[in-house]
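Written out below as structure tokens is the structure these notes cover.
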Amino acid sequence: MRRRNDTQEMNDNGLYGRNSVNGKNNGNAWETSRNMLEMENDRHIGHLSEQVSMLKELTIDIGNEVNSQNHLLEGMGSGMMDVNGLMKSTINKIGTMMQRGGSKHMCYLVLFIMF
């Protein structure tokens, strides 16, 4: 068992510590230190909470932008399908015109391309 001298007294935490000059234990110092640490922890928690909120807002904004871009890409995809169909139809018509022959059609095609 630990022996203590007359200048030590057990504090609230069950630890032995020196008495202050006026005979009170150092419980106030421990309490003040703990309160300061709690205040610092609360400040850090508040800062982290602000950062999490900002990240949440940023994530929501990114999600909205992704959805908007996906909608735009889907519209472009269907537009490209329409253009693809028109190009195939035009090429088929040009092929049919070439098979029928005749220089008159070729002149029209050249004039169409130039003007």
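The values are calculated or read from the model by the stated rules, or taken from the named source; none is laboratory data. The structure presented is a predicted model; accordingly, all values stated were derived computationally and were not measured. Quick reminder, even Gly has a Cβ in these numbers, built from the backbone with ideal geometry, and neighbours come from all protein chains shown. When the accessible area is computed, the model is the full protein with side chains, heavy atoms only, and any ligands, DNA or RNA have been set aside. Shrake-Rupley method; radii C 1.70, N 1.55, O 1.52, S 1.80 Å.
Remarks
- If R0 is taken as 41 Å, the Cβ-Cβ distance between ASN70 and ASN41 corresponds to a FRET efficiency of 0.45.
- Accessible surface area normalised per residue over segment 60-115 is 91 Å², counting heavy atoms of protein chains with a 1.4 Å rolling probe.
- Simple label model, 7 Å out from Cα along Cβ direction - MET114 to ILE94, nm: 1.7
- Computed accessible area, LEU73, all protein chains, 1.4 angstrom probe, square angstrom: 100
- Accessible area (Å², 1.4 Å probe, nearest 10) - VAL52: 90
- Given a 1.4 Å probe and the protein chains as shown, LYS88 ends up with an accessible area of around 120 Å².
- Two-site label geometry, GLU31 and SER49: point separation in nm, points 7 Å out along Cα→Cβ: 2.6
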